[in-house]
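In what follows, a single structure is set out as structure tokens and then discussed.
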């Protein structure tokens, strides 16, 4: 386990601070080289409220889940089988340690939620898509 003053730990503390500053209702916890953020997101004033959880291990891509309401993973909604959201094509643009959760990932989550709500209305995924290994994606 890294020392509390290590680069990974310090970076995650800064990331967590920025999330809390931008989203004060979010709970943030840093443990070693892991950061967990959880809170409610409501992408528009007419949207449902979604409880989301972000798990970020320093140096890896963040993993985002919708905690409530429960959403069953399906290829049509741009969600991995394990329930994590597909927010970008990691093969074209991998997650960089310099990306900040509060001003990069959070807007991507809100955008995904808007596309999801549009899917509920139209039955079509209107957002961008990436092919997933072993998971066929439907065209928008």
How many of the residues making up the stretch 66-80 are surrounded by fewer than 18 Cβ atoms within 10 Å (Cβ to Cβ) and within 20 Å of residue 95 (Cα to Cα)?
1
Could you tell me whether any residue of the stretch 23-34 is touching a strand residue (DSSP E or B) at 6+ places or on another chain (Cβ under 9 Å), modelled with pLDDT of 90 or more, under 25 Å from residue 128 (Cβ atoms) and surrounded by fewer than 18 Cβ atoms within 10 Å (Cβ to Cβ)?
yes
Go through the stretch 25-59 residue by residue and tally those that are more than 24 Å from residue 70 (Cα to Cα) and not in a strand (DSSP E or B).
4
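How many of the residues making up the stretch 85-98 are modelled with pLDDT of 90 or more and outside any strand (DSSP E or B)?
Number of matching residues: 2.
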Going by what's in this entry, would residue 128 be described as farther than 22 Å from residue 12 by Cβ, under 15 Å from the mean Cα position of the chain (by Cα) and in a loop (DSSP other than H, G, I, E, B)?
no
Are there any pairs, at least 6 apart or on different chains, whose C-beta atoms fall under 9 Å, with the first in the stretch 19-33 and free of Cβ contacts under 8 Å to residues at least 60 places away in the same chain and on the phi > 0 side of the Ramachandran plot and the second assigned to a loop (DSSP other than H, G, I, E, B) and surrounded by 18 or more Cβ atoms within 10 Å (Cβ to Cβ), and if so, which?
32/58
Checklist (1) under 22 Å from residue 21 (Cα atoms); (2) touching a helix residue (DSSP H, G or I) at 6+ places or on another chain (Cβ under 6 Å) applied to residue 87, failing item:
(1)
The correct count of residues that are out of contact with any helix residue (DSSP H, G or I) (no Cβ under 8 Å at 6 or more places or on another chain), in contact (Cβ under 8 Å) with a residue 40 or more places away in the chain and assigned to a loop (DSSP other than H, G, I, E, B) in the stretch 60-84 is 2
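The values are calculated or read from the model by the stated rules, or taken from the named source; none is laboratory data. Since this is a predicted model, take the numbers as computed values, not measurements. Cβ coordinates were reconstructed from backbone atoms using ideal geometry, including for glycine residues, and neighbour counts include every protein chain displayed.
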